[in-house]
Amino acid sequence: MIMTLALELHDIQGTVLRNRPMPYFGSYLMFTIHDPDQARELLRRLVPRIASAAAWDNPPEDAWINVVFSHSGLGKMVRDASTIAGFPLEFRQGMAARSGYLGDVGNASPDHWDLPHGGNGFDVGLLVMAGSIELKDEKLSIGHAAVEGLEGVELVARLDVAVPSTLREHFGYADGISRPFIEGQGGDPLPGQDIVKPGEFVLGYENELGVRASLDAPEELWRNGTFIAIRKLRQDVAAFRRFLMDSAPDAMGQELLAAKMMGRWRSGAPLALSPDSDDVKLAKDPLRNNDFRYADDDPDGRHTPAGSHIRRINPRDALRDSLTQTRLHRVMRRGFSYGPELEEGSTEDDGVDRGIVLAIINADPGRQFEFVQAQWINDGDFISQGDRSDPIIGRRDHANDYQYPACPVRKRVGGLKEFTVTRGGEHVFLPGLGGLRWLLDRQ
Ligand code: HEM
């Protein structure tokens with residue numbers, strides 16, 4: 001039997017556990033490594049400044065820098081590619097090569113991506129996150145100082161993220177409410193928060209299969225590390241607003257439809273607990289706003305439709321076999337908006353790039369993020385809905401309608417548009433701090 005140990009928080013990079021500050025200000029900096037020795041020098045300068053997950057619930061400052069590698073970048077750092085031949089296939093191939101399976105086709109295909117991936121220049125990335133612009137600038141200046149004089153490490157892209165003034169994501173929903181509680185993280189779970197084995201999110205610990213999550217590679221490199229699926233999704237806010245207006249007769253009807261598509265009112269209040277009207281107090285109460293299940297209270301999805309975003313992406317107890325059908329496919333997600341808000345009430349596209357950057361943490365990218373993206377977001381078989389996809393973020397080349405139980409008859413809305421389109425993505429490796437030091441020693 002495997003004993004679950006407390007997580008070695010001091011060795012895990014902070015982003016795995018730290019709560020997103022609110023408001024938040026962040027930057028994703030992406031570099032190409034031309035000279036691995038200079039990349040090692042960059043790491044040598046940076047490692048002492050990298051925030052760990054220690055004191056994640058009460059960090060000394062609300063800002064952090066973390067470091068990730070694409071497969072190509074990690075290959076350059078370890079010198080001998082065979083060292084990482086035992087890393088997961090999805091990471092080795094890179095997300096662009098997985099586009100067919102992930103539904104990144106048509107407008108969403110890698111040909112249209114504007115963010116570099118591991119196949120065309122992204123080797124090492126710095127994630128900077130902060131609770132104020134001043135703190136972010138402070139962290140960025142640490143990054144600039146670390147890279148100074150290192151011409152062999154070239155900045156190839158920068159993407160800034162920040163919370164819109166509404167404190168909601170661009171479609172108008174409150175976000176960042178539900179997340180799993182990692183066994184061994186410390187503290188207590190909130191009501192309704194699922195307790196998940198640590199090996200689902202950090203390598204070196206027991207996972208939901210009852211085995212120690214590990215890779216066929218040197219343990220010093222992967223211990224306390226994990227993978228992050230990074231996705232840049234452009235949001236067509238005008239199309240989303242027009243769709244709601246065209247599909248519902250009045251403002252109340254539009255809010256209900258928006259809630260039926262998400263599974264929560266735009267305030268964040270769950271339909272499971274407040275099915276008929278919004279409840280702002282409930283939305284803001286962390287002791288109540290995630291405390292629900294589906295199987296007993298709402299088996300047919302009369303409150304929270306089976307096809308809604310949150311019930312697809314975390315069916316909780318709704319599917320028959322909770323281990324194989326749900327617990328093996330949990331993800332830990334951080335979402336950050338980029339780009340300015342579309343003017344309030346406007347239904348005209350202003351051509352400005354805006355959307356969300358998701359950092360989806362998982363120790364097994366195939367079983368977790370990729371499964372969720374391909375099966376739960378982009379298909380409907382698992383809920384007997386054929387090839388219908390997620391009404392908010394699903395692909396539209398197979399089906400473009402959404403239906404949910406209503407009284408007296410089922411409601412069906414057609415004409416769903418491509419509300420989101422992928423504009424970049426990569427599976428990256430987030431080493432533990434020990435792993436970063438190990439990389440430094442590969443001379
Ligand atoms: C434009 C893209 C997206 C938007 C606007 C969006 C928005 C939201 C919102 C508003 C919630 C409800 C708040 C909460 O429960 O915390 C939510 C929940 C969630 N989303 Fe998304 N999301 C997007 C894409 C994705 C993607 C690509 C994934 C993963 C593959 C994902 C995974 C999740 C998960 C796991 C939850 C929590 C569900 C639960 O535990 O009940 N989302 N999302």
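Can you go through PRO21, PRO48, PRO60 and tell me which one is free of Cβ contacts under 8 Å to residues at least 24 places away in the same chain and assigned to a loop (DSSP other than H, G, I, E, B)?
Working: PRO21 fails: free of Cβ contacts under 8 Å to residues at least 24 places away in the same chain; PRO48 fails: assigned to a loop (DSSP other than H, G, I, E, B).
Step by step, each of PRO21, PRO48, PRO60 is checked, and only PRO60 is free of Cβ contacts under 8 Å to residues at least 24 places away in the same chain and assigned to a loop (DSSP other than H, G, I, E, B).
Please determine whether any residue of region 200-212 is farther than 26 Å from THR420 by Cβ and within 13 Å of the ligand (Cβ to nearest atom). Checked against the condition, which is being farther than 26 Å from THR420 by Cβ and within 13 Å of the ligand (Cβ to nearest atom), region 200-212 yields no hits at all.
The set of residues in region 200-234 being more than 25 Å from GLY75 (Cβ to Cβ), within 19 Å of the chain's Cα centre (by Cα) and either of a type in the set (D, E, K, R) or crowded, with 24+ Cβ neighbours inside 10 Å (or both) consists of GLU200, ARG234.
One residue stands out among those in region 151-171 that are buried (at least 19 other Cβ atoms within 10 Å of the Cβ) and in a loop (DSSP other than H, G, I, E, B): the one that is modelled with the lowest pLDDT, which is VAL163. Within region 288-309, residues that are closer than 11 Å to PRO191 by Cβ reach partners that are open to solvent by less than 80 Å² (accessible area, probe 1.4 Å) and polar (S, T, N, Q) with beta carbons closer than 6 Å, at six or more positions or on different chains, in the pairs ASN290/SER178.
Filtering region 315-327 for residues that are away from the ligand (no atom under 13 Å from the Cβ) and either among the β-branched types (Val, Ile, Thr) or under 23 Å from ARG241 (Cβ atoms) (or both) leaves a non-empty set.
Somewhere in region 407-417, is a residue more than 16 Å from the ligand (Cβ to nearest atom) and in contact with a Pro (Cβ under 9 Å, 6 or more places away or on another chain)? Looking through region 407-417, at least one residue is more than 16 Å from the ligand (Cβ to nearest atom) and in contact with a Pro (Cβ under 9 Å, 6 or more places away or on another chain).
When region 135-149 is examined, which residues are found to be within 20 Å of PRO23 (Cβ to Cβ) and of a type in the set (A, V, I, L, M)? Please lay out each step first, then the result.
To start, the set of residues in region 135-149 that are within 20 Å of PRO23 (Cβ to Cβ) comprises 135-140.
Scanning region 135-149 gives LEU135, LEU140.
So which of THR304, THR326 is open to solvent by less than 10 Å² (accessible area, probe 1.4 Å), under 30 Å from GLU183 (Cβ atoms) and modelled with pLDDT of 95 or more?
Working: THR326 fails: modelled with pLDDT of 95 or more.
Exactly one of THR304, THR326 is open to solvent by less than 10 Å² (accessible area, probe 1.4 Å), under 30 Å from GLU183 (Cβ atoms) and modelled with pLDDT of 95 or more, namely THR304.
Please verify whether region 355-377 includes one or more residues that are part of a loop (DSSP other than H, G, I, E, B) and touching a Lys or Arg at 6+ places or on another chain (Cβ under 7 Å).
At the first step, the residues of region 355-377 found to be part of a loop (DSSP other than H, G, I, E, B) are 363-365.
Keeping just the survivors that are touching a Lys or Arg at 6+ places or on another chain (Cβ under 7 Å) gives none.
No; the residues of region 355-377 include none that is part of a loop (DSSP other than H, G, I, E, B) and touching a Lys or Arg at 6+ places or on another chain (Cβ under 7 Å).
Across region 392-405, the number of residues qualifying as touching a residue at least 40 places away in the same chain (Cβ under 8 Å) and away from the ligand (no atom under 16 Å from the Cβ) comes to 4. As for region 367-374, it holds no residue that is under 24 Å from the mean Cα position of the chain (by Cα), over 30 Å from PHE227 (Cβ atoms) and of a type in the set (A, V, I, L, M, F, W, C).
If you check ARG264, ARG288, which single one turns out to be assigned by TED's automatic domain parsing to the domain that holds GLY415, basic (Lys, Arg), within 11 Å of the ligand (Cβ to nearest atom) and within 14 Å of SER178 (Cα to Cα)? Spell out the reasoning first.
Values: ARG288 fails: within 11 Å of the ligand (Cβ to nearest atom).
Only one candidate passes the filter, namely ARG264.
The values are calculated or read from the model by the stated rules, or taken from the named source; none is laboratory data. Keep in mind the model is a prediction, meaning the values are calculated, not measured. Cβ coordinates were reconstructed from backbone atoms using ideal geometry, including for glycine residues, and neighbour counts include every protein chain displayed. Just the protein is used for accessible areas: all its heavy atoms, side chains included, with ligands, DNA and RNA removed. Shrake-Rupley method; radii C 1.70, N 1.55, O 1.52, S 1.80 Å.
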